[in-house]
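*Asks:* Structure incoming, see below.
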Amino acid sequence: MSSLPDQSQTAVSRIVERFEDRLRLARAMEMASSKRLLEAEALLCPGGMTPQSADGLDLLARIYVQQGRFDLARRRWEEALKLGGRQVEFENCLKVLDDFTKQVFRRRLLIWKISLVLLITTLLICVGVHMNLLCSTK
């Protein structure tokens, strides 16, 4: 049977732990807003462990978006959704992320198409110049 002092000690330990989590989250937020993203990520994920709170997962997802790590951002927001809380906000973040990644994909596809056309055009010009040189030397 546990004694009253043991229960009090456990309660105090939980309070201190929550306080430390909040302090770590606030410090990570400060680092992220200063664009010190890797430091913020390391603070949120000590020992490579992902945060256990929806707020921590949300901040980590936002850091991943800034780093261009969209798949990881999606996973963190999906985990945050499972924990409950700010459901509508996390769902909106996922929707915005989906829209953004579609735009990025379209832009990259357009850049690839333009690059391919320029490459083919350059090759055709080079072949044409070479053929003209061969014909003029005969």
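*Asks:* Tell me, which residue of region 104-138 that is loosely packed, with under 10 Cβ neighbours inside 10 Å and of a type outside the set (D, E, K, R) is nearest to L59 (Cα to Cα)?
*Replies:* Ranking the qualifying residues of region 104-138, first place goes to L133.
*Asks:* Could you grab me the full set of residues in region 71-125 that are among the small types (G, A, S) and in a helix (DSSP H, G or I)?
*Replies:* Correct list: A73, A80, S115.
*Asks:* It is to be established whether one or more residues within region 56-67 are in contact (Cβ under 8 Å) with a residue 12 or more places away in the chain, exposed (fewer than 15 other Cβ atoms within 10 Å of the Cβ) and out of contact with any strand residue (DSSP E or B) (no Cβ under 7 Å at 6 or more places or on another chain).
*Replies:* yes
*Asks:* Examine region 77-90 for a residue that is surrounded by 10 or more Cβ atoms within 10 Å (Cβ to Cβ) and within 12 Å of the chain's Cα centre (by Cα), and state whether such a residue exists.
*Replies:* Within region 77-90 (the criterion being surrounded by 10 or more Cβ atoms within 10 Å (Cβ to Cβ) and within 12 Å of the chain's Cα centre (by Cα)), the answer is yes, since at least one residue qualifies.
*Asks:* Does region 131-138 include one or more residues that are without any contact (Cβ under 8 Å) to a residue 12 or more places away in the chain, assigned to a loop (DSSP other than H, G, I, E, B) and among the basic types (K, R)?
*Replies:* Yes, that holds for at least one residue.
Every read-out reported here was derived from the displayed coordinates using simple, explicitly stated rules and does not represent laboratory data. Treat the numbers as computed from the prediction; the structure is a model and nothing was measured. Virtual Cβ from ideal backbone geometry, glycine too; neighbours counted across all protein chains shown.
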